[in-house]
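K.L.:
My structure is below; once you've seen it, I'll send some questions.
Bear in mind that the values in this text are calculations on the coordinates, not laboratory data. Note that the structure is predicted; figures quoted are calculated from it, not measured. Cβ placement follows ideal geometry from the backbone for every residue including glycine, while neighbour counts extend to all protein chains displayed.
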Amino acid sequence: LKPKNLFLSAFAIFGLLPLLVNFSYVNQSDQFTFEDYTKAILNSVEKNSIIFSYQWDYFISASYYFQYSDNYRKDVAVIDKELLRRSWYFNQLRRSHPDVIDNINYEVKQFLEALKPFERSENFNSNLLEARYREVMTNLVSKNSNRNFYIGLELFANEMQKGEFSLPKGYQIVPHLLLFKAVQGNEYMPAPDADFVIRFSENENRYTQFIKDTIGRMLSYRILYEINWNKIDKATAYYKKLRTLVPEFEIPDQIKKVMDPLIK
């Protein structure tokens with residue numbers, strides 16, 4: 001081989017080597033988990049619902065893709081809790097769901113006024129800014145009562161436990177399917193059948209593990225809810241789905257003690 005051809009051959013070999021070595025790790029051709037998970041969440045809520053979450057890597061970014069590229073369930077207002085801290089995000093929400101923001105226009109104006117010096121790197125009142133931010137979140141629920149309101153597991157497990165996010169007076173949350181639903185009153189709240197399908201790839205990573213854990217925890221909450229209301233048939237259906245979809249999930253003993261004798 002001529003020196004030039006020898007150099008090109010060596011360059012091609014060393015250039016392709018990382019691809020060949022890492023292909024099985026980076027190959028995403030059979031990765032449908034995020035699409036399935038996102039569509040399962042969107043399809044679990046009623047028309048014109050609001051979903052409040054910050055599962056950006058797992059659900060929200062994918063939901064925006066399917067909503068705005070594929071026109072898939074554009075009726076659902078998906079709101080990212082963390083992006084709600086930025087002024088530009090309200091413009092985006094106002095374009096996609098104007099009535100949702102119009103209903104909290106006063107709270108938004110108050111928040112944006114407190115946010116302005118922060119975004120300009122000027123001195124700002126952090127306590128006032130946080131208070132205004134929390135008012136926006138709480139009033140998203142109370143002033144959009146014409147829409148069903150859902151929150152992600154992460155909000156329940158973190159912000160609600162710390163008191164950083166609270167529902168308006170008279171509201172409580174009920175495990176719905178893959179989300180919690182904000183409801184008024186104490187009556188039994190039905191949830192959709194767990195007939196969704198999630199395709200998990202053989203290439204496991206922390207993102208797919210998060211989704212598996214979220215599904216396991218949410219179905220567990222729903223099973224306990226059904227048991228507490230003595231809806232054993234519904235609890236059994238969710239329990240079978242949980243064991244089939246994420247068999248490696250560690251089901252709480254209080255559920256297994258009730259359900260295992262019925263299944264066996």
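K.L.:
Can you name every residue in segment 59-86 that is surrounded by 22 or more Cβ atoms within 10 Å (Cβ to Cβ) and of a type in the set (S, T, Y)?
P.N.:
The one that is surrounded by 22 or more Cβ atoms within 10 Å (Cβ to Cβ) and of a type in the set (S, T, Y): S63.
K.L.:
Among the residues of segment 235-259, count how many are of a type outside the set (K, R), part of a helix (DSSP H, G or I) and either over 11 Å from I223 (Cα atoms) or in contact with a Pro (Cβ under 7 Å, 6 or more places away or on another chain) (or both).
P.N.:
Qualifying residue count for the region: 3.
K.L.:
Being part of a loop (DSSP other than H, G, I, E, B) and not aromatic (F, W, Y) narrows it down to one residue among L219, L167; which is it?
P.N.:
Criteria check complete, one pass: L167.
K.L.:
So which pairs qualify, if the first residue must be in segment 86-106 and closer than 14 Å to I50 by Cβ, the second must be of a type in the set (K, R) and part of a helix (DSSP H, G or I), the Cβ gap must be under 6 Å, and the two must be at least 6 apart or on different chains?
P.N.:
Close Cβ pairs (under 6 Å, with a partner that is of a type in the set (K, R) and part of a helix (DSSP H, G or I)) amount to I101/R94.
K.L.:
List pairs: first residue in segment 56-74 and under 13 Å from E35 (Cβ atoms), second residue surrounded by fewer than 18 Cβ atoms within 10 Å (Cβ to Cβ) and aliphatic (A, V, I, L, M) anywhere in the structure, Cβ distance under 6 angstrom, at least six positions apart or on different chains.
P.N.:
none
K.L.:
Could you check segment 45-58 and list, in sequence order, the residues that are of a type outside the set (A, V, I, L, M), under 14 Å from I151 (Cα atoms) and surrounded by 18 or more Cβ atoms within 10 Å (Cβ to Cβ)?
P.N.:
S49, F52, S53, Y54, Q55
K.L.:
Quick check on my filter: what residues within segment 170-190 are buried (at least 19 other Cβ atoms within 10 Å of the Cβ), among the hydrophobic types (A, V, I, L, M, F, W, C) and assigned to a loop (DSSP other than H, G, I, E, B)?
P.N.:
L177, L178, L179, listed by residue number.
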